[in-house]
Each structure stands twice: as C-alpha cells, then as structure tokens.
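Everything below concerns the one structure shown next.
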Amino acid sequence: MPLDASLVGKTYPPTEPYEVGREKVREFADAIGDPDAAYRDERVARELGHADVVAPPTFAVVVAFRALDVIVADPDLGLDYSRVLHGDQRFAYTRPVRAGDRLSATATIDTIRAAAGNDLLTVRSEIATVDGEHVCTATTTFVARPAAAEDAAEQR
C-alpha cells in the first residue's frame, strides 16, 4: 500500500528535549571512529572557540531520529517500517552541537514520491535549543519497499 501523499507538509510536534552530554559525544565519536580531540577534551574545544566539547557532525541524527520515530508511528502515513531502508541523510548546520545543549527536533514531511516501485519519504527535522536557537536541519530520506505480495504482483 503506498504512503499517503496527502501528508506532505505535515509538521509534527517538537520532541522532548534531549540533553547532550559529554560522555554521549565521546561514545558517539568512538562509535564512528573519529579521534578528533574536540569531541573529547574540553580544553581543546575551548581553544577552538567552543564553550564545551563539540559533537561530530552526524551526532544530530540522535536528535533527528527521535522526531522520525513519531512519523514512523503515524498510522495515517501507512509506513511499514520493517520494509524501510535508510536512503539518504544530510545535515545543514547553523552552529555545532555542543555538550550541555538541550535540543528538540520538529519534523515535517517534505516529499512522498514513487520511484522504481518504492515510495521515497523525505523528512526535514529542524533541530533547535529549547530557547529556540536553530542548530541544524537534518534531512532524511527513507525508501519504503512494497510488501512481498505487491512485489510478486508487479513481476507478473
């Protein structure tokens, strides 16, 4: 069943605030194998002009995916998450994510379109501090594959 394209433009409520912790930043940097000292050492980060350790650029996905969870769970969308592939992820920063930030994401369905028998869902998540300072725009594209029965019908 195709995704409900009438939901394009729908904006979901902001997520609960996520407090960025130094240890979470370090763990994330370790997980992606990035040795940059600004992700681990407050002194190094301050020498670079930051108030505290900064997070790797892809760290924003931690906050963005909280907003995406709400969209995935929206029964009106008709998305079977067991058939979803992560197609693309982009980040456009106003400033780096820093330890101590309290961030929330507000997600909007930007596009739903069909391509090669799949539905492509693109979601824009605006990530900001609880005080309203924009930090990052995360854009995610999911590829929703059709159910097996639909696959078989298309092949006939």
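ALA67 falls short on exactly one of the conditions (1) closer than 17 Å to ALA5 by Cβ; (2) touching a residue at least 24 places away in the same chain (Cβ under 8 Å), and that condition is (1).
Scanning segment 1-13 for residues that are of a type in the set (A, V, I, L, M) and surrounded by 12 or more Cβ atoms within 10 Å (Cβ to Cβ) gives LEU3, ALA5, LEU7, VAL8. Residues that are among the aliphatic types (A, V, I, L, M), more than 18 Å from the chain's Cα centre (by Cα), under 16 Å from CYS136 (Cβ atoms) and surrounded by 12 or more Cβ atoms within 10 Å (Cβ to Cβ): does segment 95-102 have at least one? Within segment 95-102, one or more residues are among the aliphatic types (A, V, I, L, M), more than 18 Å from the chain's Cα centre (by Cα), under 16 Å from CYS136 (Cβ atoms) and surrounded by 12 or more Cβ atoms within 10 Å (Cβ to Cβ). Does ASP69 fit the bill of being more than 18 Å from ILE109 (Cβ to Cβ) and of a type in the set (Asp, Glu)? In short, no. Say whether the condition of being in a loop (DSSP other than H, G, I, E, B), under 18 Å from THR140 (Cβ atoms) and not aromatic (Phe, Trp, Tyr) is met by at least one residue in segment 54-67. Yes; the residues of segment 54-67 include at least one that is in a loop (DSSP other than H, G, I, E, B), under 18 Å from THR140 (Cβ atoms) and not aromatic (Phe, Trp, Tyr). Every test in (1) in a helix (DSSP H, G or I); (2) touching a residue at least 24 places away in the same chain (Cβ under 8 Å) is passed by ALA38 save one, and that test is (2).
Scanning segment 14-50 for residues that are of a type in the set (Gly, Ala, Ser) and buried (at least 18 other Cβ atoms within 10 Å of the Cβ), which turns out farthest from the chain's Cα centre (by Cα)?
Filtering segment 14-50 for residues of a type in the set (Gly, Ala, Ser) gives 21, 29, 31, 33, 37-38, 45, 49.
If we keep only those that are buried (at least 18 other Cβ atoms within 10 Å of the Cβ) as well, we get 29, 38, 45.
Details: ALA29: 17, ALA38: 23, ALA45: 25 Å.
Once the filter is applied, the top-ranked residue is ALA45.
Count, please, the residues in segment 1-35 that happen to be in a loop (DSSP other than H, G, I, E, B), of a type in the set (Asp, Glu), modelled with pLDDT of 95 or more and touching a strand residue (DSSP E or B) at 6+ places or on another chain (Cβ under 9 Å). Reasoning before the result, please.
Going through segment 1-35, the residues in a loop (DSSP other than H, G, I, E, B) turn out to be 1-4, 8-10, 12-17, 20-21, 33-35.
In the following step, the residues that additionally are of a type in the set (Asp, Glu) were identified as 4, 16, 34.
This time we only want the ones that are modelled with pLDDT of 95 or more, so: 16, 34.
Subsequent filtering for residues that are touching a strand residue (DSSP E or B) at 6+ places or on another chain (Cβ under 9 Å) retains 16.
Total meeting the criteria: 1.
For segment 1-21, which positions are closer than 18 Å to VAL97 by Cα and in contact with an Asp or Glu (Cβ under 7 Å, 6 or more places away or on another chain)? Even if it seems obvious, please write down each step before you answer.
Step one: of segment 1-21, the residues closer than 18 Å to VAL97 by Cα are 14-21.
Correct list: VAL20 only.
Contact annotation: no residue pair with Cβ atoms under 6 Å, 6 or more positions apart or on different chains, pairs a residue in segment 17-32 that is without any contact (Cβ under 8 Å) to a residue 24 or more places away in the chain and closer than 21 Å to GLU126 by Cβ with a partner that is among the small types (Gly, Ala, Ser) and part of a helix (DSSP H, G or I).
Number of residues in segment 51-86 that are among the small types (Gly, Ala, Ser) and either within 18 Å of GLU133 (Cβ to Cβ) or surrounded by 15 or more Cβ atoms within 10 Å (Cβ to Cβ) (or both) equals 5. The listed residues are ASP88, ASP74, and the only one of them that is closer than 19 Å to VAL8 by Cα, part of a loop (DSSP other than H, G, I, E, B) and either basic (Lys, Arg) or touching a residue at least 12 places away in the same chain (Cβ under 8 Å) (or both) turns out to be ASP74.
The values are calculated or read from the model by the stated rules, or taken from the named source; none is laboratory data. Values in this document were obtained by computation on a predicted structure and should not be read as measured data. Note: ideal-geometry Cβ built from the backbone for every residue, glycine included; neighbour counts use all protein chains shown.
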